[in-house]
Amino acid sequence: MKKKIMIIGFALFITLAAYLFAAHHFIYKRISEAGLISSDTKGEYLMGSSVNNRANIIYTALGDSLTAGVGVSKYEDSYPYRLAQKLSGSSGMIFRDRAYPGARTSDLIKELLTDTINDQPDVVTLLIGVNDIHGNISKKIFTENYTEILRRLKTETKAKIVAISIPYIGTDALLLPPYGSYFKYQTIEYNKIIKTLAQKNKIKYVDLYAPTEQMFKNPALYSADSFHPSAEGYKLWSAIIYADYNK
């Protein structure tokens, strides 16, 4: 009897492990099959009365695929571009996108942070962490990396730094159980780190997660891969960030 129970238990364990592997593989297979790429083809955009790279405001957006505009065909539909339009107002602005798909906090430090600092921006938005979570980067390493990013931005620029929380992202059709619950829990935990570090460094923290958690269960706000936002999704993000920015 004991042997039979052990065999059944082992069979259940193998079945569960196989399901978890398949469900995890399904997420990235679906995203890969959609074949979405960054919609940013320039990296730098002049807005308002900007002429010959002269402007009253320099804004740099730092991040991953969500900042690079994956999910929309025109970068003008991305959240950073929409936000730049709002921030520029009647003034001239140079807007630079420092982001690429798959970037983690460590990639920002190695490949994007120095260029961002050299921009000498007046405003920097920082949205990073989704790939750290999906890449199983520990909270300790994430905290160390995020701390380093903020330290350098604070000491090597005079920018107003805006730390944006990791958003709720991914439809139920993509994140099969238990991954929907797992990534939700991890996102909340990593956002606690971001908020704590923002408060410690006295910089602006924008919560993009709480206002969109229920809204982003709507498939219409996603692009073809059911992960990256559609134009409407990014439009919603930019409105939330801008409203919080002006508080």
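The values are calculated or read from the model by the stated rules, or taken from the named source; none is laboratory data. These numbers were taken from a predicted model, which means no experiment stands behind them. Cβ coordinates were reconstructed from backbone atoms using ideal geometry, including for glycine residues, and neighbour counts include every protein chain displayed.
Quick one: in segment 25-68, of everything that is among the acidic types (Asp, Glu) and touching a strand residue (DSSP E or B) at 6+ places or on another chain (Cβ under 8 Å), which residue is modelled with the highest pLDDT? Explain how you work it out, then say what you get.
Looking only at segment 25-68, we keep the residues that are among the acidic types (Asp, Glu), and these are 33, 40, 44, 64.
Retained after the next criterion (residues that are touching a strand residue (DSSP E or B) at 6+ places or on another chain (Cβ under 8 Å)): 40, 44, 64.
Details: Asp40: 93, Glu44: 95, Asp64: 98.
Of everything passing the filter in segment 25-68, Asp64 is modelled with the highest pLDDT.
Within segment 163-183, work out how many residues are within 14 Å of the chain's Cα centre (by Cα) and on the phi < 0 side of the Ramachandran plot.
In the first step, residues of segment 163-183 are kept if they are within 14 Å of the chain's Cα centre (by Cα); the result is 163-170, 183.
Retained after the next criterion (residues that are on the phi < 0 side of the Ramachandran plot): 163-169, 183.
The total comes to 8.
Based on this model, can you work out whether Lys158 counts as more than 14 Å from the chain's Cα centre (by Cα), loosely packed, with under 14 Cβ neighbours inside 10 Å and farther than 21 Å from Ser138 by Cα? Spelling it out, Lys158 is indeed more than 14 Å from the chain's Cα centre (by Cα), loosely packed, with under 14 Cβ neighbours inside 10 Å and farther than 21 Å from Ser138 by Cα. Of everything in segment 122-136, what is within 13 Å of Ile188 (Cα to Cα), more than 8 Å from the chain's Cα centre (by Cα) and part of a loop (DSSP other than H, G, I, E, B)? Give them in sequence order. None; the set is empty.
Looking for something in contact with a Pro (Cβ under 8 Å, 6 or more places away or on another chain) and more than 22 Å from Val123 (Cβ to Cβ) - is there at least one such residue anywhere in segment 36-48? Lay out the reasoning, then the answer.
Just the residues of segment 36-48 that are in contact with a Pro (Cβ under 8 Å, 6 or more places away or on another chain), to begin with: 37-38.
In the following step, the residues that additionally are more than 22 Å from Val123 (Cβ to Cβ) were identified as 37.
Scanning segment 36-48, I find at least one residue that is in contact with a Pro (Cβ under 8 Å, 6 or more places away or on another chain) and more than 22 Å from Val123 (Cβ to Cβ), so the answer is yes.
When Gly35, Gly48 are checked against the criterion of being loosely packed, with under 13 Cβ neighbours inside 10 Å and more than 27 Å from Ile149 (Cα to Cα), Gly35 stands alone in meeting it.
Whenever a residue of segment 184-200 is buried (at least 18 other Cβ atoms within 10 Å of the Cβ), its partners that are outside any helix (DSSP H, G or I) and of a type in the set (A, V, I, L, M), lying with C-beta atoms within less than 6 angstrom and at least six residues away or across chains, give the pairs Thr187/Ile166; Tyr190/Ile166; Asn191/Ile166; Ile194/Ala163; Ala198/Ala163. Checking each residue in segment 210-228 for being in a loop (DSSP other than H, G, I, E, B) and either of a type in the set (D, E, K, R) or buried (at least 18 other Cβ atoms within 10 Å of the Cβ) (or both) picks out Pro211, Thr212, Glu213, Ser223, Asp225, Ser226, Phe227, His228. Beta carbons closer than 6 Å, at least 6 apart along the sequence or on distinct chains, pair a first residue in segment 86-101 that is in contact (Cβ under 8 Å) with a residue 24 or more places away in the chain with a second that is charged (D, E, K, R) and part of a helix (DSSP H, G or I) for Arg98/Asp115.
Is it fair to say Gly170 is surrounded by 22 or more Cβ atoms within 10 Å (Cβ to Cβ), at pLDDT below 95 and either more than 24 Å from Lys202 (Cβ to Cβ) or touching a strand residue (DSSP E or B) at 6+ places or on another chain (Cβ under 8 Å) (or both)?
Working: surrounded by 22 or more Cβ atoms within 10 Å (Cβ to Cβ): yes; at pLDDT below 95: yes; either more than 24 Å from Lys202 (Cβ to Cβ) or touching a strand residue (DSSP E or B) at 6+ places or on another chain (Cβ under 8 Å) (or both): yes.
Yes, satisfied.
So which of Ala163, Ala231 ends up being modelled with pLDDT of 95 or more and either acidic (Asp, Glu) or surrounded by 21 or more Cβ atoms within 10 Å (Cβ to Cβ) (or both)? Answer to the check: Ala163.
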